[in-house]
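Each remark here refers to the structure printed beneath this line.
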Amino acid sequence: MPCLYFPADLSLWDLFQNLRPVPLAIILLLVLFSLFSWTIVFSKSSVFSKARRDNRSFLRAFRKANSLQAVAVASEQFAASPLVAVFDFGYGEMERQVKQRGAVVNTAAVERSLQLGISEEITKLEQNMNWLATVASVSPFIGLFGTVWGIIDAFQGLGNAGSASLRAVAPGISEALITTAIGLAAAIPAAIFYNLFSTRIKEIGTRMEDFAIEFQNLAERDFGS
């Protein structure tokens with residue numbers, strides 16, 4: 001493979017323009033991974049922000065309400081709250097029992113409905129989290145592949161030059177370092193936000209579990225079950 005010789009004042013942009021096909025393909029793939037992960041990060045950040053805000057407002061309204069029916073009316077204002085979805089599962093089951101039997105006679109069914117609501121909301125919150133984990137775990141290895149390829153190119157350039165020359169190995173080493181850096185740049189934010197979002201999901205899950213207990217307490221007072 002012929003060696004590319006670069007001037008001493010080579011800029012980073014010039015280096016990118018002179019990239020060979022394999023390193024260029026690796027870099028483009030890593031950039032796409034990074035853009036995809038940042039799209040997920042911004043989307044999930046918005047979801048968690050709205051969920052936290054509406055959870056707080058709905059919980060305040062729930063604790064001030066005297067009946068589940070009043071909560072059901074107020075809940076329409078807080079559509080982004082996972083607690084509202086859990087409430088809808090539990091309240092819907094209670095309404096079915098009252099409609100069919102005149103009273104809430106199966107509290108275990110209500111509890112199961114609440115757990116189903118919690119499970120469904122956690123599943124929604126975890127959507128696309130696997131992609132963040134994939135980018136965080138795979139990107140360094142893709143960058144490492146580019147590193148190995150660049151080093152191979154550097155040794156080939158050294159062999160073609162016939163002497164230990166910096167100009168002979170510079171292109172391959174530069175490509176190796178660039179792919180390594182871009183691989184880490186894609187992986188590190190994805191790993192950070194994956195851990196951050198996982199913690200938030202656990203917090204919201206705990207909040208939903210606590211809310212299910214509060215719901216059952218209010219249901220017992222409201223329906224006398």
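Give, as a single signed number, the net charge of other residues whose beta carbon lies under 12 Å from the beta carbon of Ser113, with Lys and Arg counted +1 and Asp and Glu -1.
Local charge sum for Ser113: -3.
Suppose R0 equals 25 Å; then what is the FRET efficiency for Thr123 and Thr206 from their Cβ-Cβ distance, rounded to the nearest 0.05? Write down the numbers at each step before the final one.
On the way: r = 16 Å, r/R0 = 0.64.
Once the sixth-power term is evaluated, E becomes 0.95.
Listed from fewest to most Cβ neighbours within 10 Å, the set Thr206, Thr107 follows the order Thr206, Thr107. Using a cutoff of 8 angstrom between alpha carbon atoms and counting only pairs six or more residues apart, the relative contact order for region 19-223 works out to 29 percent.
Using a cut-off of 14 Å between beta-carbons, work out the net charge of the residues near Ile151 (Lys and Arg +1, Asp and Glu -1, Ile151 not included). Let's see the in-between values first.
On the way: positive: Arg20; negative: Asp153, Glu175.
In short, -1.
Counting every alpha-carbon pair across region 172-225, the share separated by more than 16 Å comes to 66%.
Within region 19-223, the percentage of alpha carbon pairs spaced more than 27 angstrom apart rounds to 52%. Computed from backbone phi with θ = phi - 60° and the Karplus coefficients 6.51, -1.76 and 1.60, the 3J(HN,Hα) list for region 90-102 is x, 5, x, 5, 5, 4, 5, 5, 5, 5, 7, 10, x Hz; x is used for glycine and proline. The local environment of Asn217, defined by Cβ-Cβ distances under 14 Å, has a net charge of -4 under the rule Lys, Arg +1 and Asp, Glu -1.
Only the coordinates and a few stated rules stand behind these numbers; no lab work does. Being a predicted model, the structure only gives us computed values, none of them experimental. Positions of Cβ are generated from backbone atoms using ideal geometry, with glycine treated the same way; all protein chains shown enter the neighbour counts.
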